[in-house]
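Here's the structure we're looking at; comments come further down.
The values are calculated or read from the model by the stated rules, or taken from the named source; none is laboratory data. Since this is a predicted model, take the numbers as computed values, not measurements. Quick reminder, even Gly has a Cβ in these numbers, built from the backbone with ideal geometry, and neighbours come from all protein chains shown. Ligands, DNA and RNA are stripped out before the accessible areas are found, and what is left, the full protein with its side chains, is counted by its heavy atoms. Shrake-Rupley method; radii C 1.70, N 1.55, O 1.52, S 1.80 Å.
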Amino acid sequence: LHIQNEITAYWLATTQQEALRNKYLSQMLGGHLLGCTCDTELTGHMDTTATRDGDDLIVTGSKAYIVNAYHADLCFVSLMLDGEMATVLVEKNRPGVRIAKLFDKLGTRCIDSTIVEFADVRVPATNVVSRRGVQQLIHWNMVMTRARFLIGADAYFIHRKTLERMLDYGKRRMIGAK
């Protein structure tokens, strides 16, 4: 839920694009749409780009280890646009969006992790959620810092509870008659 509530919904809540906020935010908060944030590149560089074509953008590239992407309706894609970092909302049902790989993870199977490919995906230029150069980086870091704090808190409490249950089981367990 942190990806949904703390990252993707926050992108919509803070965008200057009122039409996007009106179209998608209430559906996301109501649980009718699921979002994913597409940030990580396999190369470690920002290879995913958007180029202008009239009133549209053409999104090309791929993102890796994307949480929620398999089930998501909306992808918030970090990319390069006009030489600056930007975040663009790409509806996953658009032609050219493809889940290239679903990772078979050890452990956390309740959330998916994928590679998402964008092959000349056409989106309206109004789907730019955030584009502010250095301000974009500051905004992204603020959003991710909150999410990481919450994920860390979740991990702490889950592990603490697991340890308590293990210790309780160890105290109650009988081996033989002892």
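Couple of notes before you dig in:
- Residue tally, condition loosely packed, with under 13 Cβ neighbours inside 10 Å and at pLDDT below 85, over segment 15-29: 1
- Qualifying residue in segment 48-63 (condition: over 17 Å from VAL129 (Cα atoms), open to solvent by less than 50 Å² (accessible area, probe 1.4 Å), modelled with pLDDT under 90 and not polar (S, T, N, Q)): no
- Selection of segment 67-80 for residues being crowded, with 19+ Cβ neighbours inside 10 Å and more than 11 Å from the chain's Cα centre (by Cα) yields only LEU79.
- Filtered residue count, segment 141-162, keeping only those that are over 16 Å from the mean Cα position of the chain (by Cα) and open to solvent by less than 90 Å² (accessible area, probe 1.4 Å): 5
- Residue match in segment 100-107 (condition: crowded, with 18+ Cβ neighbours inside 10 Å, in contact with an Asp or Glu (Cβ under 7 Å, 6 or more places away or on another chain) and modelled with pLDDT of 90 or more): no
- PRO95 passes every criterion in (1) buried (at least 19 other Cβ atoms within 10 Å of the Cβ); (2) more than 12 Å from ASN127 (Cβ to Cβ) apart from (1).
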